[in-house]
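Remarks on the structure that follows.
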Amino acid sequence: MWRGLWTLVARAARGPRSPRPCTRQGSGAPAPGSGATIFALSSGQGRCGIAVIRTSGPASGQALRSLTAPRDLPPARKACLRLLSDPRSEEPLDRALVLWFPGPQSFTGEDCAEFHVHGGPAVVSGVLQALGSVPGLRPAEAGEFTRRAFAHGKLSLTEVEGLADLIHAETEAQRRQALRQLDGELSHLCRGWAETLTKALAHVEAYIDFGEDDNLEEGVLDQGGSAWGGGGGDIWHLSPQRLPYSLSFPPSTADSEVRELEVALGAHLRDARRGQRLRSGAHVVVAGPPNAGKSSLVNLLSRKPVSIVSPEPGTTRDVLETPVDLAGFPALLSDTAGLREGVGPVEQEGVRRAQKRLEQADLILAVLDASDLASPSSCNFLDTVVIPAGAGSPNGSSQRLLLVLNKSDLLPAGGPDPSPDLPPHLLLSCLTGEGLDGFLEALRKELAALCGDPSTSPPLLTRARHQHHLQGCLDALGHYKQAKDLALAAEALRVARGHLTHITGGGGTEEILDIIFRDFCVGK
């Protein structure tokens, strides 16, 4: 009996009973041109001290011998100084460090070689042309080294995405999150969930295949409950022989595991797109009445003159956007037209666009003139933007907003708070920088809540496809709980498990892989 049960466990681990598209480990799609040996410049373009040229494929050893002839291959993973020569003309090209990485102990899982040459354009060009003359070598395509690493099971798909995010990281928070994903935290989490579903599926299939078997021990099914809750423990004290198939519920062990998994999936799906904001940037909109200092604040935060600053009201007519690093978090900062009744059609259109941006904002920086709080424009802005945002919508959600009272340098020194009746606010002078540290700390806390803290939060969902597959897994678990037939319940578990394996790369289609690897540079 136990031999049959282990067979079911192995069958469940293989997922749905259908032919796999290919035999590679990790993704379900082979690397393009996997039989060829590729080469490329892997360091940055332009003049530099050292340039790194790498190869990957079965002819890497031959390429290394051809350029360093008549020397043998260097010891594995040890740098050696060699004279590089053109294999056709035997003309010296450079004196460089070379490294040999025999597969499968390499980044791609194939034989790899690296040439650390001087970074002059003529040297790099000469070495690349020499490699191109070696039989069996061709230039690499964008992302092809990483794709081969994925194809040989060296990286999961989420780790590949983490590597891409690390290459493009522009802020401290993005770097931390990308490193965590590259280290496999999201992959390990999804694999653990998939293993949980594998065990649950094994329990269900065991009951399907052995429910009428006299050799099945009653204790295997005596779990004290059913997948549909409601107590129901007595049904499992019936012997399998007396249990009608119409009442054959999955064992409660599977049910408890599914319930725990549902809670975990729900927690990750409730992150309100924090991971995607961390990857692409939170939308921060600077709004306020005319002449409150919005453009001055945008220029201060972006550290460059993005917007024109003028004492004339209504200078900003359109939405000006710039990507910035705000307290270590990525953000798309939008400067908007002053909210008032426009004095002309152009300004009216600017106000309309500003109001539309406010609806789309992740965070509103509401700016008022601290010396002019009693003006009609300030009062109207408080009533129409600040107070409604703080009160929130009827369903309990509220838009994040920081109220900033600018031009604090115009207030009397040591005087009382000019606005004791206002909501919580910050005093700031864009002219002198007074209050800037406190404002940046408050801004950092708001962005950490929006994007998540990579150093403390659980693995974040940085891409829409992660959220799509987790939602699909959760929906399939819902079908499992509603199933009135064991075969349908087992199929729901298989579908749920399939969504999790798609996150890490199992069964990924060629189109999805092309999209993921499209943004990689040549040589990575």
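The values are calculated or read from the model by the stated rules, or taken from the named source; none is laboratory data. These numbers were taken from a predicted model, which means no experiment stands behind them. All Cβ positions, even for glycine, are placed from backbone atoms using ideal geometry, and neighbour counts span all protein chains on display. When the accessible area is computed, the model is the full protein with side chains, heavy atoms only, and any ligands, DNA or RNA have been set aside. Shrake-Rupley method; radii C 1.70, N 1.55, O 1.52, S 1.80 Å.
Quick one: in the stretch 168-193, which of the residues that are in a helix (DSSP H, G or I) and of a type in the set (S, T, N, Q) is surrounded by the fewest Cβ atoms within 10 Å (Cβ to Cβ)?
Among those residues, the one meeting the criterion is S187.
Where residues in the stretch 96-125 are open to solvent by less than 20 Å² (accessible area, probe 1.4 Å) and outside any loop (DSSP other than H, G, I, E, B), which of them is modelled with the lowest pLDDT?
Step by step, filter the stretch 96-125, then rank; the result is G119.
Among the residues of the stretch 55-95, write down those that are in a strand (DSSP E or B) and more than 14 Å from A113 (Cα to Cα).
The answer is L83, S85, P92, L93, D94, R95.
Do the conditions hold for E144, that is, is it more than 29 Å from L261 (Cα to Cα) and either touching a strand residue (DSSP E or B) at 6+ places or on another chain (Cβ under 9 Å) or free of Cβ contacts under 8 Å to residues at least 24 places away in the same chain (or both)?
yes
Anything in the stretch 40-79 that is out of contact with any Pro (no Cβ under 9 Å at 6 or more places or on another chain), open to solvent by 40 Å² or more (accessible area, probe 1.4 Å) and aliphatic (A, V, I, L, M)? List them, or say none.
If the condition is that a residue be out of contact with any Pro (no Cβ under 9 Å at 6 or more places or on another chain), open to solvent by 40 Å² or more (accessible area, probe 1.4 Å) and aliphatic (A, V, I, L, M), then I50, A79 are the ones that fit.
Run G438 past the list (1) open to solvent by less than 60 Å² (accessible area, probe 1.4 Å); (2) without any contact (Cβ under 8 Å) to a residue 24 or more places away in the chain; (3) of a type outside the set (F, W, Y); (4) under 18 Å from A361 (Cα atoms) and report the number of the one that doesn't hold.
(4)
Just to check your reading of the model, which residue among A63, A96, A79 is in contact with a strand residue (DSSP E or B) (Cβ under 7 Å, 6 or more places away or on another chain) and in contact (Cβ under 8 Å) with a residue 60 or more places away in the chain?
After applying the criteria, what remains is A63.
Residue by residue, here is whether (1) under 19 Å from Q471 (Cβ atoms); (2) at pLDDT 75 or above; (3) crowded, with 23+ Cβ neighbours inside 10 Å holds:
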| site | (1), (2), (3) |
| --- | --- |
| L486 | no, yes, no |
| L493 | yes, yes, yes |
| G506 | yes, no, no |
| F517 | no, no, no |
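Test L131 against the stated conditions and say whether it is open to solvent by less than 30 Å² (accessible area, probe 1.4 Å), in contact (Cβ under 8 Å) with a residue 40 or more places away in the chain and closer than 17 Å to T37 by Cα.
Yes.
Hey, can you tell me all the residues within the stretch 43-66 that are more than 21 Å from L81 (Cβ to Cβ) and not basic (K, R)?
G44, Q45, G46, S56, G57, P58, A59
Working carefully through the options S371, S375, S408, find the one that is modelled with pLDDT under 90 and open to solvent by 40 Å² or more (accessible area, probe 1.4 Å).
Just a single option satisfies the conditions, and that option is S371.
If we keep just the residues of the stretch 445-471 that are charged (D, E, K, R) and either in contact with a strand residue (DSSP E or B) (Cβ under 7 Å, 6 or more places away or on another chain) or loosely packed, with under 15 Cβ neighbours inside 10 Å (or both), which is nearest to L333 (Cα to Cα)?
E446
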